[in-house]
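Notes to accompany the following structure.
The values are calculated or read from the model by the stated rules, or taken from the named source; none is laboratory data. Predicted, not measured: the structure shown is a model, and the values here were computed from it. Backbone-built Cβ (ideal geometry, glycine too); neighbour counts: all protein chains shown.
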Amino acid sequence: MSEEIKTTQTPEKKKRIFSAIQPSGTITLGNYIGALRNWVKLQDDYECIFAVADLHAITVRQDPKIFKKNILEAYALFLACGIDTSKSMFFIQSHVHTHAELAWILNCYTQFGELSRMTQFKDKSSKHADNVNAGLFTYPSLMAADILLYQADLVPIGADQKQHLELARNIADRFNGIYGKTFTVPDGYIPKVGARIRSLQDPTKKMSKSDENVNSWVAILDKPETIMKKFKRAVTDSESRVCVGEGKDGINNLIGIMSAVTGKTAESITAEFEGKGYGDFKTAVGEAVVEEVRPIQERFEQYINDKAYLEEQYRKGAEFALNISRRTLDKAMKKIGYLPK
Ligand code: ATP
Ligand code: LTN
C-alpha cells in the first residue's frame, strides 16, 4: 500500500481517486485532517470521485429526522471544505443504486473469516452490543463496492480504514482471478501527517465522532468558544515540556494537530514553546484550529441556506456516478453469467 503519492501527473491520463465519509453525527477535526482536507488537495491532480456514505451509516441506528439533516449537512460541509463539483464528482451514496447491488455480489466473494478479522467490526460490535447487525459485519464489502465500481486507482483514507482497503484489494484480486480482469485493484493513500488524530480525552484512542464524550472530539462546526474549551480540557501528562515523547500521547496528539493545521514541524513547535507550559500550548492549538475552521464555517452557512443549489449539485453528482458505475456493474454481472436485461 503506497503511503505517498505523486502530486503531478501527465495531463493525458489522470489517475482516479475514490473516497467517502459517513454522515453519522458531526464531522470531526480527525475526519477533516485525516481525510477531507486531503481530498481537497487532490482535486487538481486526479480525477476525483467523492461520496457521502449514507448507506454505511445505518449499520448503527439513526433517528430519521436527525439522519436526514446530517446527510444534507455533510454534503454542504464537504463543499464548504473545498470539494469543488466543477472538478470532482460528488454524490450521495444511497442515490446511486449500483452500490447496494454490487455490494450484494461482492458479499458472495468475501469470506466470513475475513470479515470476522476486521477490527472496526470488533470495536463497533462491542460498543453496540444490542445491535450487532449483519450490515455492520458486511460493511467492508459495501465499501469495496464503492471503490471498485469506479475502477479507482487510489483511495485516500485515514489509518483506521487500512484494513478495509486491504480487504477490498483482496476481493478485487479474487474476482479478477476467477473471471479475468474486471476491477482495478486500488492502492491506499494514507497521509503522513494527521492520519490518526486522537481523542482529546483518551489519547490512546482515535478521535471518533461516535464517541459519547463530547469533549473527546472537536467538530468542524463547533463554536470557537467550544473549541477553545475542549482544547483547554485536553488530557495531557504530568510533565510540562512541549515535545514529542514516549508516554506523552496527549501532547504528541496536540503537536500533531498543531502541525497539521499550521504546517509547522514538530521541532519548530517544540522550539516555539520552550519554557512555556501546557496551558499556553493548549490555548495556542485551540486558536490555530479556530482560525482553520472559521472560513469553512462561513461557507457552510451559505451552502446550508441554499437548498436548491445543494439539490442541484447532488443530483448532478448522482447522475454522473450512475453512468460510470453502471458499466462496471454490468461487466461484473455479465462475467458471473447473469442474463443481460
Ligand atoms: P465513527 O465514529 O462513526 O466511526 P469516524 O469519526 O471514525 O466515525 P469515519 O466516517 O469512519 O469517521 O471516517 C471518515 C474518514 O475520516 C476516514 O477516511 C477515516 O479514516 C478518517 N478518520 C476518522 N477518524 C480519524 C482520525 N481520528 N484521524 C484521522 N483520520 C480519521
Ligand atoms: N468506511 C469509511 C467510509 C467509506 C469509504 C468508502 C472510504 C465508505 N466507503 C470507500 C473510502 C472508500 C469510513 O468509515 N471511514
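If the condition is being in contact with a Phe, Trp or Tyr (Cβ under 8 Å, 6 or more places away or on another chain), within 15 Å of ligand 1 (Cβ to nearest atom) and part of a loop (DSSP other than H, G, I, E, B), then segment 137-160 contributes Ala152, Ile157.
Can you name every residue in segment 161-206 that is charged (D, E, K, R) and assigned to a helix (DSSP H, G or I)? Of everything in segment 161-206, those that are charged (D, E, K, R) and assigned to a helix (DSSP H, G or I) turn out to be Lys162, Glu166, Arg169, Asp173, Arg174.
Would you please name the residue that is nearest to Val132 (Cα to Cα), looking only at residues in segment 31-70 that are surrounded by fewer than 22 Cβ atoms within 10 Å (Cβ to Cβ) and of a type in the set (Val, Ile, Thr)? Looking at residues that are surrounded by fewer than 22 Cβ atoms within 10 Å (Cβ to Cβ) and of a type in the set (Val, Ile, Thr), I get Val60. A count restricted to segment 127-136 and to residues that are part of a loop (DSSP other than H, G, I, E, B) and either near ligand 2 (Cβ under 8 Å from one of its atoms) or touching a Ser or Thr at 6+ places or on another chain (Cβ under 7 Å) (or both) stands at 2. Checked against the criterion of being under 23 Å from the mean Cα position of the chain (by Cα), among the hydroxyl-bearing types (Ser, Thr, Tyr) and part of a helix (DSSP H, G or I), segment 318-327 has at least one qualifying residue. Tallying residues that are surrounded by fewer than 19 Cβ atoms within 10 Å (Cβ to Cβ), among the small types (Gly, Ala, Ser) and closer than 13 Å to Ala234 by Cβ within segment 276-292 yields 1. If you go through segment 72-93 one residue at a time, do you hit one that is surrounded by fewer than 16 Cβ atoms within 10 Å (Cβ to Cβ), within 15 Å of ligand 2 (Cβ to nearest atom) and modelled with pLDDT of 95 or more? No, because not a single residue in segment 72-93 is surrounded by fewer than 16 Cβ atoms within 10 Å (Cβ to Cβ), within 15 Å of ligand 2 (Cβ to nearest atom) and modelled with pLDDT of 95 or more. Answer yes or no as to whether Lys6 is in a loop (DSSP other than H, G, I, E, B), over 19 Å from Gln297 (Cα atoms) and either modelled with pLDDT of 95 or more or near ligand 1 (Cβ under 9 Å from one of its atoms) (or both). No: the conditions fail for Lys6.
Scanning segment 137-156 for residues that are within 13 Å of Ile17 (Cβ to Cβ) and either within 9 Å of ligand 2 (Cβ to nearest atom) or among the basic types (Lys, Arg) (or both) returns Asp146, Ile147, Ala152, Val155, Pro156.
Take the conditions within 16 Å of ligand 1 (Cβ to nearest atom), within 14 Å of the chain's Cα centre (by Cα) and in contact (Cβ under 8 Å) with a residue 40 or more places away in the chain and apply them to Ile33. Does it pass? Yes: the conditions hold for Ile33. Taking segment 217-276 and the helices (runs of 4 or more DSSP H) fully enclosed by it, the elements with 2 or more residues that are over 22 Å from Phe300 (Cα atoms) and in contact (Cβ under 8 Å) with a residue 40 or more places away in the chain are at 224-232, 249-262.
So, in segment 15-30, of the ones that are assigned to a strand (DSSP E or B) and under 24 Å from Asp45 (Cβ atoms), which residue ends up nearest to ligand 1 (Cβ to nearest atom)?
In this case the residue turns out to be Ile21.
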